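The values are calculated or read from the model by the stated rules, or taken from the named source; none is laboratory data. Keep in mind that what you see is a predicted model, and the values were worked out from it rather than measured. Here the Cβ positions follow ideal geometry from the backbone for every residue, glycine too, while neighbour counts run over all protein chains shown. The accessibility values were calculated without ligands, DNA or RNA, using every heavy atom of the protein model including side chains. Shrake-Rupley method; radii C 1.70, N 1.55, O 1.52, S 1.80 Å.
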Amino acid sequence: MAKYNKQQVLAAVESTGMVPVFYNSDIEISKAVVKACYEGGVRAFEFTNRGDFAHEVFGELVKYANAELPGMILGVGSVVDPATAALYLQLGANFVVGPLFNPDIAPVCNRRLVPYCPGCGTVSEVGKAQELGCDLCKVFPGDVLGPAFVKGLRAPMPWSKIMVTGGVKPTRENLEGWFKAGVTCVGMGSNLFPKEAVAAKDWSVITKLCREALDIIADIRK
C-alpha cells in the first residue's frame, strides 16, 4: 500500500515543482538514478510502466526508497487501464500517472486515496477528470500543446493544478515558459538522464541536473 497519503504527495509535487520520469529494466541502475535524483533535491519520482516485468523492478525500488531515502515518494507512470493501476497500488505506488485519461482508473485510485494524474489534451478532458477527483491533471504531450494551452485553460478554470510532461527541458527559458503559463509542476524525462551519463554510471551528472532545474524553478517562483 501507499506509504504517503494524497495530501503529502500533492504537497511534495507542488513544493518542488518537478517530477523526474524514468524507466530502466535494471534494478541497480534504477536505484542509482533514484538516489541521484534524491540527492539533487527531488522528492517525487515517476517510474514508468514501459517494459516487461516493470512492476517487479518497481516493487524492489519502492522497498529501497522506503528503507534508504526518507521522504522520497515513488509513483508509477504510463498506466492506461485500471488493472495495471491496481497492480502497482498493491506494490506501493503513491501516485498513478497516465498518458491518457481513463475514467475507470479514477475509482481504483480514489478508493485508496491515491492521486491519479491522467494525461489530458483538451479542456473538456481536464474538466471531466476533475469531476472524478483528479486533483492534478497532466497536460500531454507538452511540446505539442505548448504553454499557451495551459494559460488558456487556466483563464476560465484558475483552480486547475497542472503537471506538464513531454519536451520539458531543464533550461531557464523552457521552465520559465511553463511556470509563467501557470503549471503546478513539470514532469521531465530524458533531458534529466543523458544516455551517456547512465551508460557510464556517472550519477553525479543526474544529481547536478536535478539540483540546477529545481533551483531554476524556485527562482522563477519568487
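Express the relative contact order of the chain as a whole percentage, based on alpha carbon pairs under 8 Å and six or more residues apart in sequence.
Working: 409 pairs, mean separation 47.7, N = 222.
Taking the mean separation of contacting Cα pairs over the length of the chain, I get 21 percent.
Restrict the search to the stretch 11-77; then list the trypsin sites (Lys or Arg not before Pro) that DSSP places in a loop and that have at most 15 other Cβ atoms within 10 Å of their Cβ. Let's see the in-between values first.
Working: sites: Lys31, Lys35, Arg43, Arg50, Lys63; in loops: Arg43, Arg50.
In loop regions of the stretch 11-77 (DSSP not H, G, I, E or B), the sparsely surrounded trypsin sites (Lys or Arg not before Pro) are Arg50.
Please give the contour-minus-distance gain from Ala11 to Thr171: 0.36 nm per residue of separation, less the Cα-Cα distance, rounded to one decimal in nm.
Values: separation 160, 0.36 × 160 = 57.60 nm, distance 2.36 nm.
Full extension from Ala11 to Thr171 adds 55.2 nm.
With the full set of protein chains in place, find how many percent of the accessible area of the chain is carbon and sulfur; take the probe as 1.4 Å.
54 percent
Straight-line reach from Lys138: which lysines have Cα under 24 Å away, leaving out those fewer than 8 places along the same chain?
The reachable lysines, counting only those whose Cα sits under 24 Å from Lys138, are Lys3, Lys6, Lys128, Lys151, Lys161, Lys169, Lys180, Lys222.
May I ask you to give the solvent-accessible area per residue for the chain, in square angstrom, as obtained with a 1.4 angstrom probe?
Normalised by residue count, the accessible surface of the chain is 44 Å².
Hey, how much of the P(r) for the stretch 118-171 falls beyond 16 Å, as a percent of Cα pairs?
Values: 473 of 1431 pairs.
Distances greater than 16 Å cover 33 percent of the Cα pairs.
Assuming 1.567 mPa s and 4 °C, estimate D for the stretch 1-132 with Stokes-Einstein, Rh taken as the Kirkwood radius over Cα pairs, in µm²/s.
Numbers: Rh = 14.7 Å.
Approximately 88 µm²/s, per Stokes-Einstein.
Gap in Å between the Cα centre of the stretch 181-222 and the Cα centre of the stretch 1-63?
Their Cα centres are 14 Å away from one another.
Under the 0.36 nm per residue contour assumption, what length would be gained going from the current alpha-carbon distance of Ser204 and Asn66 to full extension? Let's see the in-between values first.
Values: separation 138, 0.36 × 138 = 49.68 nm, distance 2.18 nm.
Length difference between fully extended and current span is 47.5 nm.
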